[in-house]
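Peer 1: My structure is below; once you've seen it, I'll send some questions.
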Amino acid sequence: HGAIFAKLRDADLNIVVTHLWPQSYWHEKGDGLGNAYRLQEINIVLDSTIRKYPSETNWTFMGDFNSVSRKDYYPPDNTQNYDVTDEIEKAGYEDVIHYLHGYKSNQTAEYPWDYYPGHRIDFLFATPSVPSRAVKSYPIHDAFTSKYSDHMHAVCAEILLKK
């Protein structure tokens, strides 16, 4: 597990791709620390990127977070742990799907998760200056991902790289 960092200089865009610890309930078998370990991982990534370079304003942060977002539940599901996505949003990132489609609590027909089963653990977050450059962002749930992915959805987004 780890992260890859890249900067597209011509587009003035920082890209972070990650895959966090996959086990929900443990770091070492039976310890119940899976969520705490992911939170530790996410803080290392945030400390190495957006928190380390506050003058950089254009960030995308995507990948398999193995965590859920409270904004994907309506009504709220108090059995879920939202610490990782809460920490990402507290650091200044916004979910691009929510930016483009609204929140489940809005009960809007535009919200794409109404059309796909399961819980989302893959995200594309961006700092506030980036989502307006997004052309589209949507979940992928098709014959290929159903067969070859362990996730119900992957997230796809196209970001228009304009200066």
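Peer 1: I need every pair where a residue in the range 1-18 that is touching a residue at least 60 places away in the same chain (Cβ under 8 Å) has its Cβ under 6 Å from the Cβ of a residue that is in a loop (DSSP other than H, G, I, E, B), sequence separation at least 6 or different chains.
Peer 2: 11/161; 12/58; 13/58
Peer 1: What single numbered condition from (1) at pLDDT below 85; (2) under 14 Å from the mean Cα position of the chain (by Cα); (3) part of a loop (DSSP other than H, G, I, E, B) fails to hold for residue 92?
Peer 2: It is condition (1) that residue 92 fails.
Peer 1: Restricted to the range 50-89, and to residues that are closer than 16 Å to residue 130 by Cα and of a type in the set (Val, Ile, Thr), which residue is modelled with the highest pLDDT?
Peer 2: That would be 88.
Peer 1: What about residue 162, is it assigned to a loop (DSSP other than H, G, I, E, B), modelled with pLDDT under 80, farther than 27 Å from residue 21 by Cβ and in contact with a helix residue (DSSP H, G or I) (Cβ under 8 Å, 6 or more places away or on another chain)?
Peer 2: Working: assigned to a loop (DSSP other than H, G, I, E, B): yes; modelled with pLDDT under 80: yes; farther than 27 Å from residue 21 by Cβ: yes; in contact with a helix residue (DSSP H, G or I) (Cβ under 8 Å, 6 or more places away or on another chain): yes.
Yes, satisfied.
Peer 1: Do the conditions hold for residue 17, that is, is it within 17 Å of residue 127 (Cα to Cα) and surrounded by fewer than 17 Cβ atoms within 10 Å (Cβ to Cβ)?
Peer 2: Values: within 17 Å of residue 127 (Cα to Cα): yes; surrounded by fewer than 17 Cβ atoms within 10 Å (Cβ to Cβ): yes.
Considered against the rule, which asks whether it is within 17 Å of residue 127 (Cα to Cα) and surrounded by fewer than 17 Cβ atoms within 10 Å (Cβ to Cβ), residue 17 comes out as yes.
The values are calculated or read from the model by the stated rules, or taken from the named source; none is laboratory data. A quick note: this is a predicted structure, and the numbers were derived from the prediction, not measured. Quick reminder, even Gly has a Cβ in these numbers, built from the backbone with ideal geometry, and neighbours come from all protein chains shown.
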